[in-house]
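Engineer: Handing you this structure, nothing more for now.
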Amino acid sequence: MPNLASDLIDYNRYPIAAAGLAGSKIVGEVRSALEEDGCAVLKGFLTPTGVGAAVEEAEAVSDKGHRSYSRTNAYFTADDPDLALEDPRRRFFDRSNAFIPADNFSSDGVLRTVFDSHGFDDFIRDCLHEPADRFFRYADPLADVIVNAAAEGNGFPWHFDTNNFTVTLALQNADRGGAFEYAPMIRDGQDENFEEVSKVLDGTSDKVVSLQLEPGDLQLFKGRYSLHRVAPLEGATPRYVAIFTYVERRDGG
């Protein structure tokens, strides 16, 4: 298994370890995409060698995944019978997935080699335009680097995130389906825009963007205000996505 970041990350395309990258064209393009619709994709961030090795690493511990099943609305709130039945807060969907905890990925493995690579944290922070005093790795040793594993029958229904951003790395797609779908900035701090949210849930909105992420793509996404989901998966091949977790406080808050 490759154990050098230079074998895993396409440094020719994304020279994240280079000095002065904060003002580079790459960072500027990512910031513009995030400003425009809350989503930026760095295509082919991992090399083909890196993708293959990361999938091999995930497969080796796939049986360690913690599975969960629930019914949830887009807001992760409880049902409120005082609301009208057609209110999107009263529309619940099945959610199921498995997360492989961080303690299954060794310090010299692929995912931690990428996560610990020189310049990676600074690059992500610069792209997100976050201040240094509000950007820290999650201190939880079980959750700083995890892999989400999903197969046919698992589901990530429409929802808003409760955190400001996510940093994910696509490793393997299902045989069919699994597009990342989102309605950019469909709400804001003043207007929940329940009417348009209902249209998305009904499949009648014209604001939904569909992305087919490929293995090796690094995605930065601000999902607090953009309704999003993973389209239903089909086939026997599991979908693997690595998640690198950052928080606003050094103590993990």
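Engineer: Take Glu195 and tell me if it is surrounded by fewer than 16 Cβ atoms within 10 Å (Cβ to Cβ), farther than 28 Å from Pro101 by Cβ, at pLDDT 95 or above and among the charged types (D, E, K, R). If you could, list the steps in order and put the result at the bottom.
Structural biologist: Values: surrounded by fewer than 16 Cβ atoms within 10 Å (Cβ to Cβ): yes; farther than 28 Å from Pro101 by Cβ: yes; at pLDDT 95 or above: yes; among the charged types (D, E, K, R): yes.
Judged against the criteria, Glu195 is a match.
Engineer: Within the range 218-248, which residues are over 11 Å from the mean Cα position of the chain (by Cα) and assigned to a loop (DSSP other than H, G, I, E, B)?
Structural biologist: Listed by number, the residues that qualify are Arg224, Tyr225, Ser226, Ala231, Pro232, Gly235, Ala236, Thr237, Pro238, Glu248.
Engineer: If you don't mind, another one. Can you confirm whether Asp121 is within 22 Å of the chain's Cα centre (by Cα), in a helix (DSSP H, G or I) and more than 26 Å from Ala231 (Cβ to Cβ)?
Structural biologist: Working: within 22 Å of the chain's Cα centre (by Cα): yes; in a helix (DSSP H, G or I): yes; more than 26 Å from Ala231 (Cβ to Cβ): yes.
So Asp121 passes the test.
Engineer: Can you list residue pairs whose Cβ atoms sit under 7 Å apart, with the first residue in the range 37-58 being in contact (Cβ under 8 Å) with a residue 12 or more places away in the chain and within 30 Å of Arg187 (Cα to Cα) and the second being surrounded by fewer than 22 Cβ atoms within 10 Å (Cβ to Cβ) and basic (Lys, Arg)? Count only pairs 6 or more apart in sequence or on different chains.
Structural biologist: Going by the 7 Å Cβ cut-off, the qualifying pairs are Gly38/Lys222.
Engineer: Moving to a separate point now. Looking at the structure I just gave you, is Arg95 touching a Gly at 6+ places or on another chain (Cβ under 9 Å) and part of a strand (DSSP E or B)? Outline the logic, then answer.
Structural biologist: On the way: touching a Gly at 6+ places or on another chain (Cβ under 9 Å): yes; part of a strand (DSSP E or B): yes.
Here the answer is yes, as Arg95 does meet what is asked.
Engineer: Shifting gears a bit: Restricting attention to the range 109-144, and to residues there that are among the hydroxyl-bearing types (Ser, Thr, Tyr) and at pLDDT 95 or above, which single residue is surrounded by the fewest Cβ atoms within 10 Å (Cβ to Cβ)? First the steps, then the outcome.
Structural biologist: Within the range 109-144, the subset among the hydroxyl-bearing types (Ser, Thr, Tyr) is 113, 117, 138.
From the residues that got through so far, the ones that are at pLDDT 95 or above too are 113, 117.
Values: Thr113: 25, Ser117: 18.
Per the criteria, the residue is Ser117.
Engineer: Just the residues that are closer than 14 Å to Arg229 by Cα and of a type in the set (Val, Ile, Thr), please, taken from the range 74-95. Give the derivation first.
Structural biologist: From the range 74-95, those closer than 14 Å to Arg229 by Cα are 74-76, 92-95; that's our starting set.
Passing the criteria: none in range.
Engineer: Okay, moving on. Going through Asn154, Asn148, Asn164 one at a time, which residue ends up being modelled with pLDDT of 95 or more, out of contact with any helix residue (DSSP H, G or I) (no Cβ under 8 Å at 6 or more places or on another chain) and of a type outside the set (A, V, I, L, M)? Show your work before the answer.
Structural biologist: Details: Asn154 fails: modelled with pLDDT of 95 or more; Asn164 fails: modelled with pLDDT of 95 or more.
Of Asn154, Asn148, Asn164, the one residue that is modelled with pLDDT of 95 or more, out of contact with any helix residue (DSSP H, G or I) (no Cβ under 8 Å at 6 or more places or on another chain) and of a type outside the set (A, V, I, L, M) is Asn148.
Engineer: When residues of the range 98-114 are filtered for being part of a loop (DSSP other than H, G, I, E, B) and charged (D, E, K, R), how many remain? I'd like the intermediate steps shown before the answer.
Structural biologist: We begin by selecting, within the range 98-114, every residue part of a loop (DSSP other than H, G, I, E, B); these are 101, 105-109.
Narrowing further to those that are charged (D, E, K, R): 108.
The total comes to 1.
Engineer: Quick one: how many residues across the range 161-206 are assigned to a loop (DSSP other than H, G, I, E, B), under 26 Å from Asp121 (Cβ atoms) and of a type in the set (A, V, I, L, M, F, W, C)?
Structural biologist: Result for the range 161-206: 1.
Engineer: Something else now. State whether the residues of the range 73-80 include one that is within 20 Å of Val241 (Cβ to Cβ) and of a type in the set (S, T, N, Q).
Structural biologist: The answer is no, given that none of the residues of the range 73-80 is within 20 Å of Val241 (Cβ to Cβ) and of a type in the set (S, T, N, Q).
Engineer: Follow-up. Between residues in the range 92-108 that are modelled with pLDDT under 95 and residues that are assigned to a loop (DSSP other than H, G, I, E, B) and not aromatic (Phe, Trp, Tyr), which pairs lie under 6 Å by C-beta distance while being six or more apart or on different chains?
Structural biologist: Note: pairs meeting the criteria are Ser96/Asn154; Asn97/Asn154; Ala98/Gly65; Asp108/Asn3.
Engineer: Separate question: Scan the range 207-217 residue by residue and report those that are in contact with a strand residue (DSSP E or B) (Cβ under 6 Å, 6 or more places away or on another chain), part of a loop (DSSP other than H, G, I, E, B) and touching a residue at least 60 places away in the same chain (Cβ under 8 Å).
Structural biologist: Of everything in the range 207-217, those that are in contact with a strand residue (DSSP E or B) (Cβ under 6 Å, 6 or more places away or on another chain), part of a loop (DSSP other than H, G, I, E, B) and touching a residue at least 60 places away in the same chain (Cβ under 8 Å) turn out to be Leu213, Pro215, Gly216, Asp217.
Engineer: Can you pull out every residue in the range 46-62 that is buried (at least 22 other Cβ atoms within 10 Å of the Cβ) and β-branched (Val, Ile, Thr)?
Structural biologist: Across the range 46-62, the qualifying residue is only Val51.
The values are calculated or read from the model by the stated rules, or taken from the named source; none is laboratory data. Predicted model, so just to flag it, every value in this text is computed and none were measured. With ideal geometry, Cβ positions are generated from the backbone for all residues, glycine too; neighbour counts draw on all protein chains shown.
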